[in-house]
1. Tell me which of MET552, SER531, LEU593 sits at the most positive position along the dipole axis of segment 530-640, charges placed on C-beta atoms (Lys, Arg +1; Asp, Glu -1).
2. Summing Lys, Arg as +1 and Asp, Glu as -1, what charge do residues with Cβ under 11 Å from the Cβ of GLN649 carry, GLN649 excluded?
3. I need the calculated FRET efficiency for the pair ARG228 and ARG60, taking r as the beta carbon distance and R₀ as 25 Å, to the nearest 0.05.
4. If one puts a single equal scatterer on every Cα of the chain and applies the Debye formula without solvent, what log₁₀ I(q)/I(0) results at q = 0.12 Å⁻¹?
5. Charges at C-beta only: +1 for Lys and Arg, -1 for Asp and Glu. How large is the resulting dipole of segment 91-241 about its Cα centre, in Debye rounded to 20?
6. Give the peptides 89-96, 587-594 in descending order of average Cβ contacts within 10 Å, highest first.
7. Order by neighbour count: CYS374, CYS147, fewest other Cβ atoms within 10 Å first, most last.
8. Please identify the GluC sites (Glu not before Pro) of segment 438-542 that satisfy two criteria: DSSP loop assignment and at most 10 other Cβ atoms within 10 Å. Which are they?
Amino acid sequence: AGRPVGAAPDGEVVDRLAAATGYDRWFAWQLAEVRAALLQLGLAAEGRVDRAGALGRAKRHGVTDAVAAAWLGGDAADVRAERVQAGVTPVFKTVDTCAGEFPAVTPYHYSSYETETEVAPSPAARVIILGSGPNRIGQGIEFDYCCVHAVYALREAGYETVMVNCNPETVSTDYDTADRLYFEPLTLEHVLAVYHAELAATATPAHPHGDPEKVGVLVQLGGQTPLRLATGLAAAGARILGTQPEAIDHAEDRGRFARVLDRVGIAQPDGGMAADLHEALGVAGRVGFPVLVRPSYVLGGRAMDIVYTAEQMRAWLQDNAGDISPAHPVLIDEFLESAIEVDVDAVYDGQELFLGGVMEHIEEAGVHSGDSACVIPPSTLGRAQIAQLRDYTERIAEALGTRGLINIQYAVRDTDISVIEANPRASRTVPFVSKATGVPLAKVAARVMAGATLAQLRLGDERQPPLVPAVDAAAGPEPRHTAVKEAVLPFDRFPGVDSRLGPEMRSTGEVMGLDRGFGVAFAKSQAGTGSMVLPTGGTVFASIADRDKRAMVYPVKRLAELGFRVLATDKHSEAAPGQPTIVDRIRAGEVDLVLNTPMGSGPRVDGYEIRTAAVGAGVPCITTLSGIVAAVQGVEALRLGHPSARPLQAYHAELDAARAAGEQEG
């Protein structure tokens with residue numbers, strides 16, 4: 001009582017806070033300091049204390065512009081403008097990696113609201129590469145691969161490289177990866193501070209405030225997190241390299257992208273947007289059930305589902321009501337049953353497209369691309385279809401104004417090809433394509449975004465050998481090896497979670513299997529997951545949905561021919577009194593492989609207990625028809641002999657030789 005509002009924390013109050021929360025007293029004191037700084041902002045808003053002083057205090061205690069705006073009024077941009085006008089701006093200090101034993105020269109920076117910066121001046125052109133931030137579902141380590149390879153390529157091309165990321169468990173945040181590392185959050189406020197620090201470092205008498213032409217920013221390599229900053233950075237004057245924010249918005253906005261596809265004459269699944277049940281049922285009635293539904297602006301397919309009836313639509317809308325509004329409608333698309341999903345990764349320089357790879361998903365359309373296994377070269381697509389996919393990709397890339405990487409997902413049903421979505425950025429499949437084909441797509445894209453052409457990168461220069469082969473995945477020879485990408489699914493870490501695959505992404509990583517034929521490559525990929533190692537004998541339990549039974553006759557028969565004991569029943573949860581159920585037998589280790597295609601929809605559909613029992617017992621459980629067929633091929637290959645190991649570079653050398661031979665023949 002009697003203490004001024006916003007005064008320094010009272011020691012007795014801090015002691016009580018630490019005792020009540022169990023926090024160490026140091027942390028309790030810091031929280032109290034933040035609270036006092038926020039109260040000072042409230043007083044500043046009322047005109048009772050100096051605003052610049054209150055802002056300076058708040059920033060020194062880590063208060064963001066957005067939080068400060070909630071106390072002062074206005075928005076984050078208003079606060080940023082006010083504090084910059086008042087001289088309340090961060091400087092960057094260098095992490096002392098030598099523990100004070102001798103001077104540290106490691107270019108590893110962090111922001112601080114002090115007075116003197118430690119960013120060394122340099123007249124060289126530099127590129128700021130935005131990383132992906134914390135790893136999470138939909139935003140994985142694959143993007144860090146792209147960032148690191150971009151750093152390598154740009155440094156070799158003569159640029160200074162600047163990495164911005166806040167995840168210490170990545171290669172991009174190793175202190176010796178880039179020329180400078182800023183360990184900062186991936187927010188507009190923090191990235192702009194880095195940009196202005198780097199801009200100031202280029203100052204010369206001709207450009208006393210820095211040369212904007214010497215500082216570029218790459219936002220397309222770190223996934224959705226940095227991509228969302230593109231518009232704000234451009235509005236603040238930063239020079240975005242590669243695909244521009246307007247082009248990114250064309251791909252992200254459903255209506256604008258639909259108009260792009262109409263303009264270039266490429267089909268897409270029928271669909272629409274809805275803000276309530278009435279509108280949703282109207283779209284579904286026009287399109288026809290089943291439909292694919294998802295909230296707009298989500299990551300990793302969160303809450304995406306396949307809806308078969310009006311009642312399921314009503315239930316889905318109730319479950320996701322918090323994500324749906326007129327400003328953020330639900331997206332409803334025709335679900336293309338029995339279609340093959342295909343991913344394409346390519347680089348476009350404004351004149352020419354290089355098709356890096358065409359990946360055929362093993363699971364059918366409806367399983368999120370991040371959870372689906374895929375194969376290079378595609379196993380069921382002909383050369384004419386691959387050429388058509390290349391043509392479509394080039395038309396879309398040109399129409400969007402792409403400069404750099406683009407990933408497009410297609411649905412192929414019979415001879416019809418439809419576009420599911422396009423992402424003018426790095427995708428999580430770029431590392432897989434690069435390792436499968438030997439073409440460093442992230443390096444190629446980084447050079448293209450910095451201004452090089454594909455033609456120049458084919459020739460190389462005094463700094464770098466050629467990065468791009470003469471022919472791409474459409475025109476060049478088909479690899480003599482097969483590469484299979486498989487998702488690592490964390491079901492064993494979450495007891496009770498249904499392992500059924502669907503439109504919502506669950507995977508936390510990826511592995512790759514490589515061999516001459518598909519069967520061994522697939523088996524290697526399953527072994528790489530650690531949880532889906534294919535058995536070569538034992539007991540297999542099959543519980544197959546009625547719609548899949550005809551197609552499952554041959555695969556299950558083949559397993560029996562290979563010596564497996566096959567168990568199959570329609571009433572898997574029931575058993576005679578005193579006899580174990582199939583769930584009991586799975587838990588007891590009596591089953592080596594479970595084949596279960598779900599019947600119905602919802603979290604506890606028929607087979608849920610079987611799938612969760614399999615996960616708990618560490619038994620491979622395959623829930624898609626196409627996945628079962630692939631697994632049978634993998635088992636057959638394993639039965640023929642032990643898989644061999646061969647260096648990745650040997651496969652690349654073989655493919656390079658085939659490309660060179662084709663070029664000479666041409």
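Just so you know, all these numbers are worked out from the coordinates, no wet-lab data involved. All values reported here derive from a predicted model rather than from experimental measurement. Here the Cβ is made from the backbone with ideal geometry for all residues, glycine too, and neighbour counts use every protein chain on show.
1. Value computed over the given set: MET552.
2. 0
3. Values: r = 27 Å, r/R0 = 1.10.
According to the calculation, E is roughly 0.35.
4. -1.34
5. Values: 8 positive and 18 negative charges, 103 e Å.
Computed about the Cα centre, the dipole is about 500 debye.
6. Values: 89-96: 17.0, 587-594: 18.5.
Peptide ranking by packing, descending: 587-594, 89-96.
7. Fewest to most other Cβ atoms nearby, the residues stand as CYS374, CYS147.
8. For GluC sites (Glu not before Pro) across segment 438-542 that sit outside H, G, I, E and B with at most 10 neighbouring Cβ atoms in 10 Å, the list reads GLU462.
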